[in-house]
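J.: Pasting a structure here, questions to come.
What follows is calculated from the coordinates using simple rules that are stated; it is not laboratory data. Computed from a prediction, not measured in an experiment: that's the story for all the values here. FYI the Cβ positions are ideal-geometry reconstructions off the backbone, even for glycines, and counts take in every protein chain you see.
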Amino acid sequence: MRIQQKKTISKGRSVVMLRVPFAFVCFLLIGTGLLWQLYRIQVRDHVLWSEQAQNQRLSTFDLKAERGEIFLHDNGEPYPLAVNREYMAVYVVPREVRDPKAVARELAVVLGKDEGEILGKLSDPTDPFEMVKRRLSDDEEERIRGLSLKGVSLLSEKYRYYPAGNLASHVVGFAGLGEQGGAGGYGVEAAFDSELKGKLSRVHEERDAGGRWISLSNSRGDAPDHGDVLTLTIDRVIQHETEKIVREYREKHEADAMTVIVMEPATGKILAMANAPDFDPNKYAETEDFSLFLNPAVSSTYESGSVMKPITMAIGIDEQKVAPTTEYTDTGSVSESGYTVRNSEGKVYGRSTMTKVLEESINTGMIFVERSVGHKVFAERLRRFGFGEKTGVRLPAESGGNLHNLNDFRIGIQFYTAAYGQGITVTPLQIVTAYAALANGGVLMRPQIVESIKHADGSVETVEPIEVRRVISKETSETIGHMLRNVVVNGHGKRADVPGYEVVGKTGTAQVARTDGGGYEEGKTIGSFAGYAPRENPRFVVLMKVDNPKDVQWAESSAAPAFGQLMRFLLEYARIEPTESLEPLKSR
């Protein structure tokens, strides 16, 4: 018995001894697992778990940046061209609506919408939100509030608004407001989109276990950087008057289109830029022809015709190849490489000076100047005036024109026609910028559309005028000014004159190149007048362009009178004192 008892005790001790290491191993494994989990949570995946905890505790939302507004000048005060306007929208919460048919009927009457369409939005009783109508009128908003319908609510939204409607529409373009300050389409809205839209901000607020905001907690996050505020160089009064004249003369001559640019020659600042037809930026979505949004003043190219002649003459004078009194004999035509170039209406002028060449707009006289300069120098000097390249104005879709015909110096006829503005293409902005150089003493300025930029921090950046390069001497500038005054007094520019002031400039009646092949359109012309005033210390340079007037052929009867009317307004508006006799020039 004793021996068996000892065996039993010995066996029991063995079992215990086996259980101890097993338990130890189990605890060791469990401990190791716990330590691993602690390491994983607190060390390896610390960032992940910290973010999840923070997300449970914090509520995150974005503060939208407001799109910067755009202003014009108006007698020294800012005039709003593009602003952010608050509108009310009406929406429904179908799950809260007790009588969908009655609600649909009431809303249809107030909003002028189809009752069935509204009833369709109310058809799902679990639906939490359906928009019914945006941009409510004040009357619609008031009547909706008066209905006090359960499940019908108003929501505040901001939209881009253009208080002046069509005014300077091609300059400003349009924009839609979105999550990050909106997106610009065309015009300044597109060109300065990055500056205007600003930058949104993300804000974090602490919440309790029930998701409620803890009022004593601190919110974290910065205020959004609202978009820059732009003030344009455009003068509201000048822009308004320019557009009025454009509408008047386009209707009078039944023209396909018109473009007018007013520039300050000393600085390159654009004071007005008007096109017809135009559009209402508030209703841009209703416009079917998207090409209407392009700004013809910077995007459309054309063969300018005789308004190019003063540029050619200035090159000849600056190269000291001709002078105002230089004479040549006009035979009425010039033949080259199987082509014959003739004067307008086949006229022959005989012995003529360079001054008379401009006064009478003699094509062969311009060929004489170009031949005197030489093809290579002529092409180089045209490019120095900015033709064949973009001006650098900050407006979208700018064209640089086309001087490719002047790449081969062996084809003389191309240079002859270019001398009087045919066979090469330019933009209206290039022409007015080149004339500004003629006016200001010979310096090509970069066209400027923005006067100043107000940043989100309140600082104001003034945009300084930029000199591109000198293109002619001051002496040549003065000489060409005298010659162009003679064009107005004695030549085809009489109807562009303003009594009491020395107005200078040149007409141009250009043929219109065919789009479906070579040659020119039969019976179509583009009339232009480019010039500036006063001759000494010029304040305004203007290009007036009339596309395909139906009742007159020559620019002296279309563009020149419109130019004269606008220039009269500009000189009086700027309160510039007359320097000449107030007796008007006799009509030619």
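J.: Would you kindly give the portion of the calculated P(r) for the stretch 429-588 that falls above 18 Å, as a percent of all Cα pairs?
T.: The answer is 64 percent, as a whole percent.
J.: Once you sort the root eigenvalues of the Cα gyration tensor of the stretch 238-297 as a ≥ b ≥ c, which label holds: rounded (a/c under 1.5), prolate (a/b larger than b/c) or oblate (the other case)?
T.: Details: a/c = 2.17, a/b = 1.38, b/c = 1.57.
It comes out oblate by the Cα gyration axes.
J.: Assuming R0 = 51 Å, what is the FRET efficiency of ASP124 and LYS252, from their Cβ-Cβ distance, to the nearest 0.05?
T.: Result of the calculation: an efficiency of 0.30.
J.: Same structure again: Enumerate by residue number the trypsin sites (Lys or Arg not before Pro) in the stretch 373-431 meeting two conditions: DSSP loop (anything except H, G, I, E, B), and at most 13 other Cβ atoms within 10 Å of the site's Cβ.
T.: Here the trypsin sites (Lys or Arg not before Pro) that fit, given the DSSP loop and packing criteria, are ARG410.
J.: Now a separate question. How long is the gain from PHE290 to MET131 if the chain were fully straight, where each residue apart is worth 0.36 nm and the alpha carbon distance is subtracted?
T.: So the extension gain works out to 54.4 nm.
J.: Further, regarding this structure: Please get the size of the charge dipole for the stretch 66-198, origin at its Cα centre, with Cβ charges of +1 on Lys and Arg and -1 on Asp and Glu, quoted in debye to the nearest 20.
T.: Approximately 360 debye in magnitude.
J.: Separate question: For each of LEU72, LEU484, count neighbouring Cβ atoms within 10 Å of the residue's Cβ, then give the residues from fewest to most.
T.: On the way: LEU72 28, LEU484 31.
So the residues, fewest neighbours to most, are LEU72, LEU484.
J.: To the nearest Å, what is the center-to-center distance of the stretch 425-491 and the stretch 499-516, using C-alpha atoms only?
T.: Result: 18 Å between the Cα centres.
J.: State the Cα centre-to-centre distance between the stretch 257-334 and the stretch 351-406 in whole Å.
T.: 12
J.: For the stretch 66-198, with the dipole built from +1 on Lys and Arg beta-carbon atoms and -1 on Asp and Glu ones, taken about the Cα centre, which of GLY184, GLY151, LEU72 lies farthest toward the positive end?
T.: GLY151
J.: Something else about it: Which order do the peptides 75-82, 423-430, 136-143, 283-290 take when ranked by the mean count of other beta-carbon atoms within 10 Å per residue, highest first?
T.: Values: 75-82: 16.0, 423-430: 25.0, 136-143: 14.0, 283-290: 10.5.
Descending packing order for the listed peptides: 423-430, 75-82, 136-143, 283-290.
J.: If you don't mind, there's one more thing I want to ask. How much net charge surrounds ASP114 when only the other residues with a Cβ under 12 Å from the Cβ of ASP114 are counted, with Lys and Arg +1 and Asp and Glu -1?
T.: With Lys, Arg at +1 and Asp, Glu at -1, the neighbours total +2.
J.: Still on this structure, please answer the following. Between ASP74 and ILE576, what is the spin-label point distance in nm, taking each point 7 Å from the Cα along the Cα→C-beta axis?
T.: 2.6
J.: In the structure shown, do any of LYS356/LYS474; LYS390/LYS524; LYS197/LYS454; LYS101/LYS121; LYS64/LYS158 have a Cα-Cα gap over 18 Å, and if so which? Can you show the working numbers first?
T.: On the way: LYS356/LYS474 22 Å; LYS390/LYS524 27 Å; LYS197/LYS454 13 Å; LYS101/LYS121 11 Å; LYS64/LYS158 11 Å.
Exceeds cut-off: LYS356/LYS474; LYS390/LYS524.
J.: Now for a separate question. How large is Rg/Rh for the stretch 77-124, to two decimals, with Cα atoms and a Kirkwood Rh?
T.: Computed over Cα atoms, the ratio is 1.28.
J.: Take the Cα gyration tensor of the stretch 66-198, multiply each eigenvalue by 5, square-root it, and list the three semi-axes largest first, rounded to whole angstrom.
T.: 37, 16, 12
J.: Here is a further query. Can you sort HIS170, HIS482 by how many other beta carbons sit within 10 Å, fewest first? Kindly include the intermediate steps, with their values, before the conclusion.
T.: Numbers: HIS170 27, HIS482 13.
So the residues, fewest neighbours to most, are HIS482, HIS170.
J.: Right, something else. May I have the convex hull volume per residue, in Å³, for the Cα set of the stretch 294-395?
T.: Convex hull of Cα atoms, per residue: 127 Å³.
J.: All other residues with a Cβ under 10 Å from the Cβ of VAL488 taken together, and with Lys, Arg as +1 and Asp, Glu as -1, what is their net charge?
T.: Its environment carries a net charge of +2.
J.: Sort the stretch 333-380 into rounded, prolate or oblate with this rule: let a ≥ b ≥ c be the square roots of the eigenvalues of the Cα gyration tensor; rounded if a/c is under 1.5, and if a/c is not under 1.5, prolate when a/b is larger than b/c, oblate otherwise. Could you put the intermediate results ahead of the total?
T.: On the way: a/c = 2.41, a/b = 1.24, b/c = 1.95.
Oblate is the answer for the stretch 333-380, as a/c is 1.5 or above yet b/c matches or exceeds a/b.
J.: Can I ask one more? For LEU29 and VAL377 in the same chain, what is the full-extension length gain: residue separation times 0.36 nm, less their Cα-Cα distance, in nm?
T.: Gain in length upon complete extension: 116.0 nm.
J.: Would any residue of the stretch 494-509 have its amide N under 19 Å from a label point 7 Å out along Cα→Cβ of ASP551? List them or say none.
T.: Counting only backbone N, you get 495-496.
J.: What length, rounded to one decimal in nm, is gained on full extension from LEU154 through to THR462, with 0.36 nm per residue of separation minus their alpha-carbon distance?
T.: This chain segment gains 106.7 nm when fully extended.
J.: Still on this model: Pairs of Cα atoms under 8 Å, at least six residues apart: use those to get the relative contact order of the stretch 66-198, whole percent.
T.: Relative CO of the stretch 66-198 lands at 31 percent.
J.: A further question on this structure: Sorting GLU521, GLU264, GLU251 on the 10 Å Cβ count, fewest up front, what's the list?
T.: GLU251, GLU521, GLU264
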